[in-house]
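A short write-up of the structure that comes next.
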Amino acid sequence: MGGAAWRQPRAILWATAAVVTLGFLIALEIAARHYGLPGPIVTQAQEVVVAPKSGFLLYASMGLMMLVLTWRQRFIALGAAIGIDLVFILVRWATDTKLTEGHPFGNGALWVILGCAVFAVTRRKGPERVLLLKGVGLGLLLVAGRKTGDTWLLITSKTRPLVLDQYVATADHALGNPSWLVGRMVTATGTIGELFLDSVYTQLPVAAVVVALYQLRKVAVERRFPSHHLVRTFLVIGLLGPAIYMIFPVVGPIFAYGADGGHWAVADLWPDTPPPLGTPHHMAFDEITPRNCMPSLHTAWATAIFIHSRKGPRILRYAGAFWLIATLAATLGFGYHYGADIVAGVVFTLTIEAALRSHERGWDRSRIQLVAYGTAVFAVLLVAYRYLPVEMATYPWVFGPLLVLAMVSVIYAYVRTTRQWEPKAAPVRQAEPQPELV
């Protein structure tokens, strides 16, 4: 019976995905070691003992894992995680261990996740084992995605010595240099505004977990995961995005045109003085700053949160809209991205979301057309940023609206097509008139 189960197409698909994921992580580990730094596997293993980079993310990951548990088991797991963290804090205090970076908590959450994996293998059988292992895998994938992204960023900085910021900054004139405009606005808000936007920007994965928790709230009762949810989109965005970084390396305005770029910057212009028009060139940059701008993955992830929050209660819909707006303000206002990155990020997300939903529901003509159209628009955007930046800057009243129209057209196509996929409510039958008794 067990052998027959493994021969099922879905089981084979899961096994193949697991092998590919493991191979990908090993390859990144080897690449990181080549540059003298630990990769995603080692850095995650270290957090079993050392202070984690993000304790909030580990607890959020544990929260996803606990969706497959009963309420009693959830309280036990949470209590165990907090207890383990208290032990770690006491040991560090007793040994006078100083934390140079990271959070003093989070190890307990990782211990609980790993403990549940051991428990699933040794004490559970059949569908219950599979369900618990899926919960553990979901939690670990969220953390592994963060570690994988960090390694990818290292690789981009080491393998792409030349960046294309001058091309994107020139093309951004068609949009009115929004990073410079929003940057001055954020600076005017002072420390309070900057701290607020920074908290929104850095805790984006936690916001995603909140939406995912709502989507997956019935897993413990139904004993199965829904066919599509936010975590899948998040992971695919994080997997594909860095590949575009390698093709189109960009460091961002605050580095290429700001004080943070040091002597590598063109000049110290951001955010007070928009870059002058001229003929763009490839420019050399340091081997430390990640080439992580094109497309803006923070915009992509915030867009995914917005999309997946649309079917939630009103407070969740408001939160999704708020997080999208605040993330856009932060990405532009801190000088991490150009306006062109934002446009590409939105198109990137809608195309991925359409592809994932089509894969679950089956590919028909409308779904193929939507994914193909989104892919084509994204490719045209990259080509235009690279080969037509001067023309875009020279005729902003032509290319600016065209860029916005291209993005809006993908949004419209996505909304129009996906509405056709939604189940239509059955019409309420009217009661037949009954003859009255005389």
Mind checking which residues of region 69-107 are over 26 Å from P127 (Cβ atoms) and β-branched (V, I, T)? I82, I84, V87, I89, V91, T95, T97, T100
Restricting the first residue to region 291-313 and requiring it to be outside any loop (DSSP other than H, G, I, E, B), which pairs with a second residue that is among the acidic types (D, E) meet a Cβ separation below 8 Å and a spacing of at least six or different chains? T299/D341; A304/E353; I307/E353
Sole residue being among the polar types (S, T, N, Q) and in contact (Cβ under 8 Å) with a residue 12 or more places away in the chain, chosen from T122, T95, T148: T148
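List the helices (runs of 4 or more DSSP H) inside region 210-290, counting only whole elements, that have at least 3 residues being of a type in the set (A, V, I, L, M). Walk me through how you get there before you give the answer.
Working: elements: 219-222, 230-247, 253-256.
Per the criteria, 219-222, 230-247.
Name the residue, out of W397, W363, that is within 25 Å of G238 (Cβ to Cβ) and open to solvent by 30 Å² or more (accessible area, probe 1.4 Å).
On the way: W397 fails: within 25 Å of G238 (Cβ to Cβ).
Checking each option against the conditions leaves just W363.
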Enumeration of residues in region 105-164 that are under 19 Å from the mean Cα position of the chain (by Cα) and polar (S, T, N, Q): T148, T151, T156
One residue is enough: does region 210-231 have a residue meeting the conditions surrounded by fewer than 19 Cβ atoms within 10 Å (Cβ to Cβ) and under 30 Å from P389 (Cβ atoms)? no
Would it be correct to say that T273 is among the polar types (S, T, N, Q), more than 19 Å from the chain's Cα centre (by Cα) and modelled with pLDDT of 90 or more? yes
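The values are calculated or read from the model by the stated rules, or taken from the named source; none is laboratory data. Bear in mind the structure is a predicted one, so any value in this text is a computation, not a measurement. Using ideal geometry, Cβ is built from the backbone for each residue, glycine included, and neighbour counts are taken over all protein chains shown. Ligands, DNA and RNA are stripped out before the accessible areas are found, and what is left, the full protein with its side chains, is counted by its heavy atoms. Shrake-Rupley method; radii C 1.70, N 1.55, O 1.52, S 1.80 Å.
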